1. Lysine pairs in region 76-309 with Cα distance under 27 Å, only those 8 or more apart or on different chains: how many are there?
2. Zone of Q286 (label point 7 Å along Cα→Cβ, backbone N under 18 Å): which residues in region 421-439?
3. Within region 359-459, which GluC sites (Glu not before Pro) sit in a loop by DSSP and count at most 15 neighbouring Cβ atoms inside 10 Å?
4. In region 188-250, which trypsin sites (Lys or Arg not before Pro) are in a loop and have at most 10 other Cβ atoms within 10 Å, using DSSP for the loop call?
5. Using a Cα-Cα cut-off of under 23 Å, which lysines could be cross-linked to K332, ignoring same-chain neighbours fewer than 8 residues away?
6. To check you understand DSSP bridge types, tell me what percent of the beta bridges within region 76-309 (both residues inside) are antiparallel, rounded to 5.
7. Suppose each label sits 7 Å from its Cα in the direction of the beta carbon; what would the L385-M345 distance come out to in nanometres?
8. Within region 132-239, what whole-number % of the accessible surface is contributed by carbon and sulfur, with the 1.4 Å probe and all protein chains included in the calculation?
Amino acid sequence: ADVAYLRSVLPSNTDDAFFDYLATLDASEVTVTAVPEGSVVFARVPFLQVKGPLLVVQLLETTLLCLVNYASLVATNAARFRLLAGPDVKLMEMGLRRAQGPDGALSASKYSYIGGFDCTSNILAGKLYGIPVRGTIAHSFVMSFRSLEEVQPRELPPRAGGDPVDLAALAVSWLQRVCDLLQTPPAKANQGELAAFVSYAVTFPCDFQGLLDTYCVRRSGLPNFCAVALALHQLGYQAIGVRLDSGDLARQSKEIRRVFRECGAHFQVPWFGTIPIAVSNDISEQSLEEFRREGSEIDMIGIGTNLVTCPLQPSLGCVYKLVEVNGSPCLKLTEDEEKMTIPGMKTIYRLYDAAGHPFMDLMALEEEPSPSAGQELGIRVLGRLGETTKVIPSTVEPLHRTYFRDGQVCEPLPSLPEVRTHAQVSLNLLSPAHRRLHEPQPYPVAVTERLHRLFLELR
């Protein structure tokens, strides 16, 4: 069917033998080597090499670039958010509604997880890939209630057993006590919001959480949540968190934490002061920097638009270039040195210093002997090809592995959690100077003297 379609769109005088040849193509002569998925890769370093018949490997170009470009972009973007948030804050991907279609959304969920996010709001991604799923109640749920009379059912048995208790009535009594403590009038607490919280708590007493900013955090959302959470506590249950979706998130988180601690101390509920606080609302890298600068009590951050659409860099510029044909190295010439290809089939090495940090990636021709740890190397750094640099690596690591040969996958493919772990280990190995997001120290990529000579001869 594919060949028939190509016949219909190619010029009518195309040789029939060409279509006969297309029908015989397979991947048995293709070999693919690549860095392991989740590895840190720097500019100009080939992270995937494909060998095989020219027509076959040319047909793979668009597919491979489509598969790696957006995935690598999102994983990198997620890694930046993880570095800014630090290791202790939970990150939730929630960009499904803003992503570039369902395929983009599923890819974003998967590769955000690789980049360091903890969970996703995309239930289908959870089902397909095993990513932990999390979510919170919606503003529309809170707004759909008007009064406590709408709550059905409203009775909840104590966790330890016994007769059911009217949770709505119990929450109303606690609301008065909470408002007295906070010195806010109970009449300002929205009754529909209280009803929504009670309804949710009756249904999910072990997973009760509150969305605090549908109306007013200080006068309504916070006292209503505390009242229901304390009513649940009286019956043996424990609330699991709150979410904020508007306003000055860092400042509000500190105020909410203060109220939780005050309620915990006053009503003798020790765990109340540690209720997790989650935030969302168009979170960006700048937002995370502000949280860190101002200080906050935020435990979880939900990020959507600025994660899955990657506004800081909408696309990743991976390219697929011919470097050798029939044993002859090839070079694409241009006045822009950064766009010149590095000729020949290459082996890539990562060089580590004595502290265990990678300090340089080295490209060598495939037939060259591997550099050795402790051995002085004369190399040429890209961007400074006119001068020789001497380096002595403490450890040398070949970056590429062969994953596909003779039509078969020949290297065990890691699971998604294994890829995620590898990504975090790779990032943590970088020195702080290379890992910082603002004005990082450039990571050098170099070529061997022999590869440099080949480059000069071809040019």
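1. On the way: K90/K110; K90/K127; K90/K254; K110/K127; K188/K254.
Close lysine pairs under the 27 Å cut-off: 5.
2. Residues 437-439 qualify, since their backbone N sits under 18 Å from the label point.
3. Values: sites: E366, E367, E376, E387, E418, E449, E457; in loops: E366, E367, E376.
Taking region 359-459 and a limit of 15 other Cβ atoms within 10 Å, the loop GluC sites (Glu not before Pro) found are E366, E367, E376.
4. Working: sites: K188, R218, R219, R243; in loops: none.
Within region 188-250, no trypsin sites (Lys or Arg not before Pro) qualify (loop, at most 10 other Cβ atoms within 10 Å).
5. Of all the lysines, those that pass the test against K332 - Cα under 23 Å, at least 8 places apart if same chain - are K51, K321, K346.
6. Numbers: 2 of 17 bridges.
Just about 10 percent of them are antiparallel.
7. 2.3
8. Working: 2490 of 4770 Å².
Using a 1.4 Å probe with all protein chains present, region 132-239 comes out at 52 percent carbon and sulfur.
The values are calculated or read from the model by the stated rules, or taken from the named source; none is laboratory data. Note that the structure is predicted; figures quoted are calculated from it, not measured. Here Cβ is always computed from backbone atoms with ideal geometry, including for glycine, and neighbour counts include all displayed protein chains. Areas reflect the complete protein model, heavy atoms only, side chains present, ligands, DNA and RNA absent. Shrake-Rupley method; radii C 1.70, N 1.55, O 1.52, S 1.80 Å.
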